[in-house]
Amino acid sequence: MHPARHRPWRGPEARKSSDVRKRSPGTDDDGAQPNGQHERQFITSLHRGLEVLRAFRPDDRAGLSNGDLAERTGLPNSTVSRLTYTLLTTGYLNYDAVTGRYRMGVPVLSLGYACLSSMPLRDTAQTYMQTLADACGEGIMVALGSRDERTMTYFACARSRSVVALQLGVGSRISLARSAMGRAWLAGCSATEREALMADLEAHTQPRTTWPAIRAGIEDAVKQVAQQGYYANHGEWQAGVNAVAVPLRSTDPDLPLLGLNLGGPSHYLPADRLPEVGKRLVELATTLSQRMTANF
């Protein structure tokens, strides 16, 4: 069936109650804007289209259906159907008539490369990160990332040589609440911002019974960063993977807070090595922080 005549998925609403947006005057369907900011200059349809693109993940190789996208974005199925048709027409999505699923189109890739090229710090950091990865031995990966809602997104990575390595790279998104990088970022942001994010993370944690342990882990990260400058994560994000991470902030307060981590399989990076590599990561963060103002 041609996507232009593809009927939207008509199954039951797959949205969680926390994702349901309230109807507001001046918006079609359920078009509330983020944070309740109903500003006249805010274009709701553009925001929704971007949310559809953001719903795709690196492991979505089979593509996503309109129903999948509705579930991930919390948008009505009819709205998703119109958005995917528009994105298909403009080339930002490709459609598989056999499976009824969408994949990202080449224009999305051009946006990603344009974003990376606008970050001179990435090129500067890459050399330092590779030097540190090589110095720390086999199986090590160093990554630099930024917060994207409830995830951290890598925009620079460096690996030491190894037969076994973490299957992550530029564009990978990892948990803000559970990963070493995410928790270090939370430790580095202001108390006010962290409080708001903690409430948001709690609301989106499933099952809810896991939140107390996650909250304790974040609070521990805040203490570790305050006391020793880095946070050590012993397999809490992924079993068998140890990591250290630090918040990375420029001396220019207008530049965004970033996260820097170093990790690897526990047989390459045992727990007793984390203090050593943690100190090295703090030194790298200090170096990059001094260069961020001129190069970000």
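Coordinate-derived values only; no laboratory data. Computed from a prediction, not measured in an experiment: that's the story for all the values here. Cβ: placed from backbone, ideal geometry, glycine included. Neighbour counts: every protein chain shown.
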Listed residue (Ala156, Leu257, Val225) projecting farthest to the positive dipole end of segment 119-295, Cβ model:
Ala156
Label-point separation in nm, Glu219 to Thr287, each point 7 Å along Cα→Cβ:
3.7
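Can you put Ser110, Ser266 in order, fewest other beta carbons within 10 Å first? Let's see the in-between values first.
On the way: Ser110 10, Ser266 17.
By the 10 Å Cβ count, ascending: Ser110, Ser266.
Convert 4 °C to kelvin, take the viscosity as 1.567 mPa s, use the Kirkwood radius over C-alpha pairs of segment 119-295 as Rh, and evaluate the Stokes-Einstein diffusion coefficient in µm²/s, rounded to a whole number. Intermediate values should be presented prior to the final figure.
Working: Rh = 16.0 Å.
Here the translational diffusion coefficient equals 81 µm²/s.
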Starting from one equal scatterer on each C-alpha and no solvent at all, send me the Debye-based log10 I(q)/I(0) for segment 217-296 at q = 0.21 Å⁻¹, two decimals.
-0.93
Give me, ordered by chain and number, the residues 5 or more places off Leu93 or on other chains with an amide H under 5 Å from its own placed amide H.
Leu88, Gly105
3J(HN,Hα) from dihedral phi, segment 143-154, Karplus parametrisation 6.51/-1.76/1.60, rounded to Hz, x for glycine, proline
9, 10, x, 9, 6, 9, 6, 9, 9, 10, 10, 6
For segment 119-295, the dipole about the Cα centre with charges only on Cβ (Lys and Arg +1, Asp and Glu -1), to the nearest 20 debye, works out at 200
